[in-house]
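The values are calculated or read from the model by the stated rules, or taken from the named source; none is laboratory data. Computed from a prediction, not measured in an experiment: that's the story for all the values here. Cβ coordinates were reconstructed from backbone atoms using ideal geometry, including for glycine residues, and neighbour counts include every protein chain displayed.
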Amino acid sequence: MRLDPDDDSTTAFSPLRDGGIEWLFYLLRSEVPPLELERIAWSKRAGFLRAAVTFGSPDRSSGIYRSTTAVHLWDLGDAYSRGFRPPEGDWTYMMIHIFTHEPLHHAIGRCLAELFETGDQEWVIARLGDARWW
C-alpha cells in the first residue's frame, strides 16, 4: 500500500494500537529458545553485546502491535570475559539501558508495521547498526 499525501480520506491510513511489550528474562542458557541463541551468536560474531533482543508482531485483524523483549542475563558473565565493561563496573547501568532502550525498538517495529514493512526491529537494527553501550 502506498500512502498518497494528497489523500485526506480517513481510510488511507489506520495506525496500529500499541499493545505493549512482553518481557522475558532468561537466567540460564539452557532456557533460551534456539532462534534466540542464533541471534545472540550472530551478534557475538559481529562483535556486539546483545543482552536483549526485541521482536514484534502486528495483528492486522485487531489493529494491535505487540513486541517481546528477551533479556539474556545468562550472557552477562560471558560479555565480561569478552571485554565488555559497564560504566564504573556497575551492571545495573546495563539493565537501566535495556529498560529505557527497548521501548525505542518497540516503537520502531510499530512504525515499520504501520508502513507495511517487515515489522521486525532486527531488520532496522541490522541497517542502523547495533549499539555499543559502553
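Structure notes:
- Matching residues in segment 52-77 - criterion: being closer than 14 Å to M94 by Cα and among the charged types (D, E, K, R): D75
- Residue, modelled with the highest pLDDT, within segment 1-40, restricted to residues that are out of contact with any Asp or Glu (no Cβ under 8 Å at 6 or more places or on another chain) and among the β-branched types (V, I, T): V32
- Check on S43, surrounded by 12 or more Cβ atoms within 10 Å (Cβ to Cβ), among the polar types (S, T, N, Q), in a helix (DSSP H, G or I) and at pLDDT below 90: yes
- In segment 43-62, the residues that are more than 15 Å from I108 (Cα to Cα) form Cβ pairs under 7 Å with partners that are at pLDDT below 85 and of a type in the set (S, T, Y), at six or more places apart or across chains, as follows: R50/S43.
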